[in-house]
Amino acid sequence: TQLLEQSPQFLSIQEGENLTVYCNSSSVFSSLQWYRQEPGEGPVLLVTVVTGGEVKKLKRLTFQFGDARKDSSLHITAAQPGDTGLYLCAGARGYQKVTFGTGTKLQVIP
Amino acid sequence: GAVVSQHPSWVICKSGTSVKIECRSLDFQATTMFWYRQFPKQSLMLMATSNEGSKATYEQGVEKDKFLINHASLTLSTLTVTSAHPEDSSFYICSARGKDSWSYGYTFGSGTRLTVV
């Protein structure tokens, strides 16, 4: 059972556009991670957020953890073709296993 | 940074044979390793969790006799797909977690593409 729902599932945009990906759950997580995965490769960690309301920036990517630690968002400014990939959020509760979101496939067209 | 090496990156095998996939943590001790399966354009589905020196914990619906997991050392876990069938064809990914990384991201291997013909 997927506990983390991501939206949208697919997104195709032009280079230079902005976009936001959402990760929602009815459960509370102690931390939430965002990963990007390219075809044929394992996921690569982008960021971890642990505090409700926390905002982290990684160049053109802005990550926010919801106040109640049940949801998160990823905002990309001025998307580049290199941003293309599968974006996955993943939530953890303490020292337990990580639960992955349903994934958002992003395509940035030059 | 933490590095996890997964081998092989791809393998083709005949139906009925067994295939072993290795997952090694190169620069840290992985107290826990996770094995995932990923179908095309889908997210990762956890198959099992293995702790060094103990039996793996399998997720519901995963056949433990078919997917044998061994975590004999703090740097190596193996997944053996026994009597493989075409429906076992998939992308298998491992991840590892060290002692102090419970609240942080997990390090993933680069995955193994298994094709059973």
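For chain B, the spread of Cα positions along the three principal axes, ordered from largest to smallest, is 41, 27, 23 Å.
Distance between the pseudo-spin-label points of B:His7 and B:Thr57 (7 Å out from Cα toward the beta carbon): 3.0 nm.
Taking every DSSP beta bridge that has both residues in region A:1-102, what percent is antiparallel when rounded to the nearest 5? Approximately 95 percent, going by the DSSP bridge assignments. One equal scatterer on each Cα of the protein assembly as shown, no solvent, Debye formula: the resulting log10 I(q)/I(0) at q = 0.15 Å⁻¹ is -0.99.
The shape of region B:1-40 comes out prolate: with a ≥ b ≥ c from the C-alpha gyration tensor, a/c is at least 1.5 and a/b beats b/c.
Considering only alpha-carbon pairs that sit under 8 angstrom and 6 or more positions apart, the relative contact order computed for chain B is 37 percent. With no solvent and one point per C-alpha, what does the Debye sum give as log10 I(q)/I(0) for region B:1-70 at q = 0.12, 0.13, 0.18, 0.26 Å⁻¹? Taking Cα atoms of region B:1-70 as identical point scatterers yields -0.38, -0.44, -0.86, -1.42. Distance between the C-alpha centers of region B:48-117 and region A:3-29? Whole Å please. Distance between centres, Cα-based: 27 Å. Distances longer than 23 Å among the Cα atoms of chain A: what percent of all pairs is that? Everything past 23 Å amounts to 21 percent. Only the Cβ atoms of Lys and Arg (+1) and of Asp and Glu (-1) were treated as charged; on that basis the dipole of the protein assembly as shown about its Cα centre amounts to roughly 220 debye. For the set A:Arg36, B:Arg37, solvent exposure ranked by accessible area (probe 1.4 Å, protein chains only) runs largest to smallest as A:Arg36, B:Arg37. Among the trypsin sites (Lys or Arg not before Pro) in region A:43-110, those placed in a DSSP loop whose Cβ has at most 12 other Cβ atoms within 10 Å are A:Lys59. Taking 14 Å as the straight-line reach from the Cα of B:Lys41, the aspartates and glutamates in range (excluding those fewer than 8 positions away in the same chain) are A:Glu38, A:Glu41. Sorting the segments B:63-72, A:10-19, B:47-56 by their mean number of nearby beta carbons within 10 angstrom, highest to lowest, gives B:47-56, B:63-72, A:10-19. Comparing B:Glu22, B:Glu87, B:Glu59 in a Gaussian network model of chain B, where Cα atoms under 10 Å apart are tied by springs, the biggest mean-square fluctuation is seen for B:Glu87.
The values are calculated or read from the model by the stated rules, or taken from the named source; none is laboratory data. Just so we're clear, the structure is a prediction, and the values are computed from it rather than from any experiment. Virtual Cβ from ideal backbone geometry, glycine too; neighbours counted across all protein chains shown. Accessible surface is based on the protein model in full, side chains and every heavy atom, while ligands, DNA and RNA are left aside. Shrake-Rupley method; radii C 1.70, N 1.55, O 1.52, S 1.80 Å.
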